[in-house]
Amino acid sequence: MTATPATAAEMYELIRELYPICRSITGDGVRETLRILTRYVPLEIHEVPSGTPVFDWNVPREWNLRAAWIASCDGRRVVDTRDSNLHVVSYSSPVRRRVALSELREHLHALPDHPDWIPYRTSYYTESWGFCVTQKQLASLTDPEYEVCIDATLAPGSLSYGEYLLRGRSEREILISVHVCHPSLCNDNLSGIAVSALLARRLREREREYSYRFLYVPGTIGSLTWLSRNTAGVSRIAHGLTLVCLGDGSPFTYKRTLAGGAEVDRAAALALRESGFAHELIDYFPFGYDERQYNSPGFRLAVGSLMRARHGQFPEYHSSADDLDFVTAKSLQESLDVCGSILEVLDGNRVYRSTSPFGEPQLGRRGIYRGLGGEPDLADLQLAMLWLLTLCDGSQSLLDVAERSGLHFVLVQRAADQLVTHGLLEAARCAYS
Ligand code: ZN
């Protein structure tokens, strides 16, 4: 299941389309994003009213921005969100007044180490206003006072999130969660959106054991809101992934679930090993994306995180340099393939038992090898069969066999199918966990 260049181009085009939209944790930017996504994923869009209690939080007010600018004494707009929506601190309170330069400076954010980049800042849970500027813009502000305008509404409304349940044979679910609250930032959030959208479309076209639940939620408050509205259904989630930062050229990083050693952790490790791409497996830490909510004590869902460049650890992170040049169709394609492979392992994992466990069964007599004459990887396939007949005592899964043998999961799967056909293996349990 390899992504085609056309799929890769489609992901990139989706990012390009979503890039200019001014998203935040609430508001029309998220709605517009979800609406565009419905072309790829038949999302249900939920609206949860401001003020709704969500565990220890409340759904915040809705923020919508019309314009934000700073004008000099002669009326020239020296900073304007028409140039970049990163120029306004996301979720800023409305303001329109003249301010002394000294006061204005307290509301400005810049990146001295990267004088041409605009930082991305938010003020979600403390009421304030501010602008993000390049260091060069900051240095050029020399008038004694400026006029500032943040023409925004911060008012009761709702929080929007998108949800899509793709049913499989089982009610057990695999959760794919993506945050959708960042404005014009490509790797940190648009790449995850694009990869998951095409992943959903790809999964729709094939047989599925698991059901797949895709969530497009504003970071933290969105996943908390979904969890609070679905506490009863959470137990159906067997495995999950948050998908973030998947469009840059860095090696892959897989962040394990809190428990570590979960089936999704092992599936990710195996898929990355088989992919041949450079990668690193890292342990859970309580910082990052929505895996923090899913792994919290009340839920303890086995949700890991797949990314390339790591949250907070690449220079372009949360800045205007995380733009359309920072992500590539090729990286997105590789990421989609790795995601697809992880899900193939989880979806295809089975536990078998040998029906002929007393010594090795006589394979030649059954004509198994003769039937495989056309197989290009006959030797590996035979080896996989021997591993299966050795390990399958009703306690070992195909994932165990692939890990132990070093053979590719799909090859082990194919060998198992042959042995089932010849009556040498029988299903012991449907799925692993
Ligand atoms: Zn972020």
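The values are calculated or read from the model by the stated rules, or taken from the named source; none is laboratory data. The structure displayed is predicted, hence computed values, not measured ones. Using ideal geometry, Cβ is built from the backbone for each residue, glycine included, and neighbour counts are taken over all protein chains shown. Heavy atoms of the whole protein, side chains included, go into the accessibility calculation; ligands, DNA and RNA do not. Shrake-Rupley method; radii C 1.70, N 1.55, O 1.52, S 1.80 Å.
Consider Ser319 carefully, then state whether it is under 30 Å from Thr81 (Cβ atoms) and open to solvent by less than 30 Å² (accessible area, probe 1.4 Å).
Working: under 30 Å from Thr81 (Cβ atoms): yes; open to solvent by less than 30 Å² (accessible area, probe 1.4 Å): yes.
Criteria met by Ser319.
Within the range 221-240, one or more residues are within 12 Å of the chain's Cα centre (by Cα), in the same structural domain as Pro20 (by TED's automatic domain parsing) and open to solvent by less than 10 Å² (accessible area, probe 1.4 Å). Restricting the range 36-78 to residues that are under 16 Å from Tyr124 (Cα atoms) and free of Cβ contacts under 8 Å to residues at least 40 places away in the same chain, the residue that is surrounded by the most Cβ atoms within 10 Å (Cβ to Cβ) is Asn58.
Selection of the range 360-393 for residues being modelled with pLDDT under 95 and either among the acidic types (Asp, Glu) or not in a helix (DSSP H, G or I) (or both) yields Glu360, Pro361, Gln362, Leu363, Gly367, Leu372, Gly373, Gly374, Glu375, Pro376, Asp377, Asp380.
Residue by residue, here is whether (1) more than 16 Å from the ligand (Cβ to nearest atom); (2) without any contact (Cβ under 8 Å) to a residue 60 or more places away in the chain; (3) among the basic types (Lys, Arg); (4) not in a loop (DSSP other than H, G, I, E, B) holds:
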site: Gln293; (1), (2), (3), (4): no, no, no, yes
site: Ser305; (1), (2), (3), (4): no, no, no, yes
site: Glu316; (1), (2), (3), (4): no, no, no, no
site: Val327; (1), (2), (3), (4): no, no, no, no
site: Ser331; (1), (2), (3), (4): yes, no, no, yes
site: Cys339; (1), (2), (3), (4): yes, no, no, yes
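Within the range 358-369, is there a residue that is polar (S, T, N, Q), open to solvent by 50 Å² or more (accessible area, probe 1.4 Å) and in contact (Cβ under 8 Å) with a residue 24 or more places away in the chain? Within the range 358-369, none of the residues are polar (S, T, N, Q), open to solvent by 50 Å² or more (accessible area, probe 1.4 Å) and in contact (Cβ under 8 Å) with a residue 24 or more places away in the chain.
Let me confirm something: among Ala152, Ala67, Ala71, which residue is touching a Phe, Trp or Tyr at 6+ places or on another chain (Cβ under 9 Å) and within 24 Å of His318 (Cα to Cα)? Spell out the reasoning first.
Numbers: Ala67 fails: touching a Phe, Trp or Tyr at 6+ places or on another chain (Cβ under 9 Å); Ala71 fails: within 24 Å of His318 (Cα to Cα).
Among Ala152, Ala67, Ala71, only Ala152 is touching a Phe, Trp or Tyr at 6+ places or on another chain (Cβ under 9 Å) and within 24 Å of His318 (Cα to Cα).
For Tyr352, are the conditions met, namely being outside any loop (DSSP other than H, G, I, E, B), among the hydroxyl-bearing types (Ser, Thr, Tyr) and touching a helix residue (DSSP H, G or I) at 6+ places or on another chain (Cβ under 9 Å)? Criteria met by Tyr352. For the range 292-310, give me each residue that is open to solvent by less than 30 Å² (accessible area, probe 1.4 Å) and either among the basic types (Lys, Arg) or modelled with pLDDT under 95 (or both). Matches in the range 292-310: Arg308 only.
Kindly indicate whether any position in the range 140-160 is under 15 Å from Ser84 (Cβ atoms), aromatic (Phe, Trp, Tyr) and surrounded by 16 or more Cβ atoms within 10 Å (Cβ to Cβ). No.
When the criteria are applied in full, Asp393 meets the requirement of being surrounded by fewer than 14 Cβ atoms within 10 Å (Cβ to Cβ) and among the acidic types (Asp, Glu). For the range 22-58, the set of residues classified as within 28 Å of Val338 (Cα to Cα) and either not assigned by TED's automatic domain parsing to the domain that holds Leu215 or not hydroxyl-bearing (Ser, Thr, Tyr) (or both) consists of Arg23, Val30, Leu34, Arg35, Ile36, Leu37, Arg39, Val41, Pro42, Leu43, Glu44, Ile45, listed by residue number.
Identify, please: which residue in the range 273-291 is buried (at least 19 other Cβ atoms within 10 Å of the Cβ) and within 16 Å of the ligand (Cβ to nearest atom) and is, among those, farthest from Leu227 (Cα to Cα)? The residue in question is Tyr289.
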